[in-house]
Amino acid sequence: MSAIFTDHQAALRDEVRKLLTDGTIKGFIGYARGRDSYHPAPAIVTRPDQVDGLILDQFCIFGLTKYLLDYIFEDGKMGIVAKGCDSLALQRLITDHRVSRDKVHVIGLPCAGVINAEKVAQLGLGNVQKVTDKGASFLVEGDKGSRELAKTEYLWDKCLWCEHHNPAVADSKLGPEVENVAMKPRDYSDIEAMENLPPAEKAAYWTRQFSRCIRCYACRNVCPACNCRECVFDIADPRWVGNTVKLSEQQMFHFTRAWHVAGRCVDCGECERVCPMELPLMKLQHKLQKDIVKLFGNPKPFEPSEVEVLGQFRATEDPEEFM
Amino acid sequence: MLMTIAPDNLKNLLDKLARDRLLVAPSMEDGVTRLKPVHSAAEIAFDYSNTATSIKDFLFPQSEDLLRFVTDGTLSIEEIKPERAQVAFGLRPCDLASVALMDKVLLGGEFSDAHYQTRRNNTLLIGLACENPADTCFCTTYGYNPGWAGAADVMLYKDGDKYLAEALTDKGRELVGGPGEGLFKPADEAAGEAVKKAYAEKDVPFGKEVDVQGIDKILDGFFYDQYWDDISKKCIGCGTCTYVCPTCHCFLLTDEARGGQGLRFRCWDSCMFANYTKMASGANPRPTKKERVRQRFMHKLNYYPNRYGGSYLCTGCGRCVAMCPVGLHIAGVIKDVKGVKAHA
Amino acid sequence: MSVNEKAAQAAGAATGPSTVAAATPAPEGWEPKIIGFACNWCTYAGADLAGTSRIQYPPNIRVIRVPCSGRINPQFVVRAFQRGADGVLVAGCHPGDCHYSTGNYFARRRYLLATRFIEYLGVEPERLEVRWISGSEGQKFADTVRELTEKIRALGPQRRLRETL
Ligand code: SF4
Ligand code: SF4
Ligand code: SF4
Ligand code: SF4
Ligand code: FES
């Protein structure tokens, strides 16, 4: 039995209270209870009296790092809690020179996987009272029932193939590091299945998906790789991408969003997770990722590096298909 | 007059309607149940609590062509009228209530919105009372309820193995007497009234938690409160809340022209977008998330009731509760402002 | 009709497979329309050479001159399809010959990925052609255009990414 996030809640509050009181940070980006016990919400606290609202539990999936962009023009440091995957997102923002490392105080959270609340919320367990890590499973006890849930079935997909369980960027850590092994290999079988469809069926599939998009831009706004100072979708003159929801603009929006983060996406899955219309956006990111691995021999394009995959080349080793 | 209709007859009626007009109904696609155009009753989802998107998509669409123009030396303008008849089936009470709120803005007063008016006239609204309110529903907060018929032309209530039906407008009566002829049967009035009453009194647990009474007055003095600063920090400024809301109605007018052909259209805009209030000079009167978040909730809970007499610009449909990615929603704001802590 | 409704109609409005991509025969007299993005220093010169050498090639291509293949953003390709192209040619100097030394090496990486991605979205791969054509390769330019035109003629009009104002 290993520790779960909730075990670190008290320590987190203590540390945040201390950091706020001694002036190390001017604000802290963490989690608080959301609309129910399955959906913790981001919370940004600036005063010690708000600290007791902070929580940590095994549903804390939201990647918080993008909030740091709200503070880059202000003095002082922000504190943030970051799991392994969140620290990749943070590295993304740092590598892109959008956030400077010395303006962030990172409380690292070693993480063996987060429970997919969307799956668990449907089980009718009611208000969750307690979660216990049983090794291969979680025991979730709610006021209407309890269930032991196999991790391979109830964790978020990205947690199953995660190889970054321990935060790569941290000023302090909550609890000991966890074993850094993937529960299963990265799986591109859904991408291959799509590649094998005839063009007409591919087009039909994406038309159906893109037509459902409401252009709320939640996917863009949550994405740590979508961090341009001015977004192409917001520029009114010239209007590169129209703001109507006609199919051509939907296609252009989705092509551009996915393409602009090709080779820079950290595979956090947040775009797809926050989409209110449940567009399978990771099917786009994973296609790009899979091809990058194959074409450019970069086994982990989701790990931020100073020079991006598409910002470099190898004159003689890159495949030549255009002779 | 109360009637009943058997599920098969209802499906026949909808199939018949789909032949000569756009049939809009709840339909499940890739795991999302939303209101969308369907070809036949076979595509309709009958088992849903509420749809992800609302009737607004069809009365005040996300983008709408208004006129076409030609600029080949001369200038000719052709107005585009949304003439196609539509029938929207399966609208929940919160959406039926939202139509009345939108009417006040777009049809009330000195000017009325021609396109909205045309669509309203061309659209038949068929409501369906809620059997199982979701745990994000709080229509009762505003005095609506799971049986509320609002702007419906025909209201349906599932009653055992059949539907109780009531035609509430001329359009609704034309449906029953026209395409619906022979499909409806008279209902026992007393039993029917009992069914309606049961729906009206159905329990909406979340609604009990959220008490809006008097919030418009409290907010009169709340504009400068620290609260807006605190809660707005977590907003990511997406348009989810405003786009899924059946009562948000901000829009943007744009012309696009290419090769001598031009089009004027409008699209939804969102007060939550940073560039919504940005002016040509670059100045922005709502420069931070604080002003934008405050605007959304003040508009719904203070400005609207002050301007349009009483009702709030929210029907408790719960879409923003369920879909805001950061859990920043109107029910929580109401609770907070009334002193019951909801948002951290 | 609103654009929603148009999109919905285009998408077939139904949950089943969309009808947007249904093969409709090419209209009478249809000729493939090809947009060619050509770098100023090699391919454009190659096209010029084809002309001055009187090498025949189909008039279906409309050439857009750009400074370098590194300037050809894949979004241009998507837009070209949307605004009426049935096929797109992206062309520049041979690797090692780019006037700006490395523009085409970046373009090569980009298009290795972009061709696959655009195909993944449902556009037939034959419609997007990337070629290195030097200033002395007038014949290669002409051959490339001829082959591309014939491939697209066989495929018919491109409708998947088409828009109307
Ligand atoms: S979050 Fe979803 S609905 Fe919103 S813009 Fe992105 S893909 Fe579209
Ligand atoms: S594209 Fe999606 S998965 Fe990739 S970094 Fe952005 S939000 Fe994360
Ligand atoms: S504010 Fe939220 S609950 Fe109210 S009508 Fe809009 S989406 Fe529904
Ligand atoms: S309140 Fe929520 S849904 Fe609305 S703009 Fe903010 S993050 Fe998006
Ligand atoms: S100048 Fe020809 S490809 Fe760069």
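The values are calculated or read from the model by the stated rules, or taken from the named source; none is laboratory data. What you see is a predicted model, and the numbers here were worked out from it, not measured in a lab. Heads up, the Cβs are rebuilt from the backbone with ideal geometry, glycines too, and the neighbour counts pull from every protein chain shown. Calculation scope for accessible area: heavy atoms of the full protein, side chains included, ligands and nucleic acids excluded. Shrake-Rupley method; radii C 1.70, N 1.55, O 1.52, S 1.80 Å.
Numerical summary
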item	result
Residue check for B:LYS197: touching a Ser or Thr at 6+ places or on another chain (Cβ under 9 Å) and at pLDDT 95 or above	no
Members of region A:124-172 found to be in a strand (DSSP E or B) and under 15 Å from the mean Cα position of the chain (by Cα), listed by number	A:LEU155
All positions within region A:215-269 that are small (Gly, Ala, Ser) and outside any helix (DSSP H, G or I)	A:ALA225, A:ALA236, A:GLY242, A:ALA262, A:GLY263, A:GLY269
Qualifying positions in region C:135-160 - of a type in the set (Ser, Thr, Tyr) and within 22 Å of C:GLU28 (Cβ to Cβ)	C:THR149
Total residues in region A:270-318, condition away from ligand 4 (no atom under 16 Å from the Cβ), aliphatic (A, V, I, L, M) and not in a loop (DSSP other than H, G, I, E, B)	8
Residue among B:GLY147, B:GLY160, B:GLY172, B:GLY177 that is more than 14 Å from the chain's Cα centre (by Cα), on the phi > 0 side of the Ramachandran plot and more than 16 Å from ligand 4 (Cβ to nearest atom)	B:GLY160
Counted residues, region B:307-329 - those being facing another protein chain (nearest Cβ under 10 Å), open to solvent by less than 20 Å² (accessible area, probe 1.4 Å) and not in a helix (DSSP H, G or I)	5
Candidate set from region B:71-102 (those that are under 25 Å from B:SER40 (Cβ atoms), modelled with pLDDT of 95 or more and not aliphatic (A, V, I, L, M)); member that is nearest to the chain's Cα centre (by Cα)	B:ASP95
Close pairs (8 angstrom Cβ cut-off, 6 or more residues apart or separate chains): outside the structural domain of B:LEU96 (by TED's automatic domain parsing) in region B:29-48, modelled with pLDDT under 95 anywhere	none
Which listed residue, of C:ARG131, C:ARG62, C:ARG108, is over 23 Å from C:THR24 (Cβ atoms), basic (Lys, Arg) and open to solvent by less than 20 Å² (accessible area, probe 1.4 Å)	C:ARG108
Residue, modelled with the lowest pLDDT, within region A:132-187, restricted to residues that are at positive phi and open to solvent by less than 40 Å² (accessible area, probe 1.4 Å)	A:GLY175
Residue in region B:135-158 that is within 23 Å of B:ARG319 (Cβ to Cβ) and modelled with pLDDT under 95 present	yes
Given (1) open to solvent by 30 Å² or more (accessible area, probe 1.4 Å); (2) within 21 Å of A:ALA182 (Cβ to Cβ); (3) part of a loop (DSSP other than H, G, I, E, B); (4) out of contact with any His (no Cβ under 7 Å at 6 or more places or on another chain), index of the condition A:GLY113 fails	(1)
Entirely in region C:58-165, the helices (runs of 4 or more DSSP H) that have 2 or more residues that are closer than 28 Å to A:TRP240 by Cα and touching a helix residue (DSSP H, G or I) at 6+ places or on another chain (Cβ under 7 Å)	C:74-82, C:103-120
Top-ranked residue of region A:261-281 - restricted to ones that are over 11 Å from the mean Cα position of the chain (by Cα) and of a type in the set (A, V, I, L, M, F, W, C), ranked as farthest from A:ASN298 (Cα to Cα)	A:MET277
Hits in region A:147-173 - residues which are in contact with a strand residue (DSSP E or B) (Cβ under 6 Å, 6 or more places away or on another chain) and not charged (D, E, K, R)	A:LEU149, A:ALA150, A:TYR154, A:PRO167, A:VAL169, A:ALA170, A:SER172
Residue match in region C:59-73 (condition: more than 16 Å from ligand 2 (Cβ to nearest atom), within 14 Å of chain A (Cβ to nearest Cβ) and under 30 Å from C:ALA26 (Cβ atoms))	yes
Residues located in region A:299-315, provided they are open to solvent by 20 Å² or more (accessible area, probe 1.4 Å) and either within 16 Å of ligand 3 (Cβ to nearest atom) or within 21 Å of the chain's Cα centre (by Cα) (or both)	A:PRO299, A:LYS300, A:GLU303, A:PRO304, A:SER305, A:GLU306, A:GLU308
Hits in region A:50-70 - residues which are facing another protein chain (nearest Cβ under 10 Å) and outside any loop (DSSP other than H, G, I, E, B)	A:GLN50, A:VAL51, A:ASP52, A:GLY53, A:LEU54, A:ILE55, A:LYS66, A:TYR67, A:ASP70
One residue from B:PHE265, B:PHE297 being away from ligand 1 (no atom under 16 Å from the Cβ), among the aromatic types (Phe, Trp, Tyr) and more than 9 Å from every other protein chain (Cβ to nearest Cβ)	B:PHE297
Verdict on B:CYS245 being closer than 27 Å to B:MET155 by Cα, within 16 Å of ligand 4 (Cβ to nearest atom) and assigned by TED's automatic domain parsing to the domain that holds B:VAL333	yes
Some residue of region A:259-269 being surrounded by fewer than 23 Cβ atoms within 10 Å (Cβ to Cβ), facing another protein chain (nearest Cβ under 10 Å) and of a type in the set (A, V, I, L, M, F, W, C)	yes
Some residue of region A:71-80 being at the interface with another protein chain (Cβ under 9 Å from one of its Cβ atoms), open to solvent by 10 Å² or more (accessible area, probe 1.4 Å), more than 17 Å from A:GLY108 (Cβ to Cβ) and charged (D, E, K, R)	no
Failed item, numbered, when A:ILE214 is tested on (1) within 30 Å of C:PRO125 (Cβ to Cβ); (2) within 14 Å of chain C (Cβ to nearest Cβ)	(1)
Counted residues, region B:42-55 - those being open to solvent by less than 10 Å² (accessible area, probe 1.4 Å) and within 12 Å of chain C (Cβ to nearest Cβ)	1
Residue check, A:ARG47 surrounded by fewer than 22 Cβ atoms within 10 Å (Cβ to Cβ), under 24 Å from the mean Cα position of the chain (by Cα) and within 12 Å of chain B (Cβ to nearest Cβ)	no
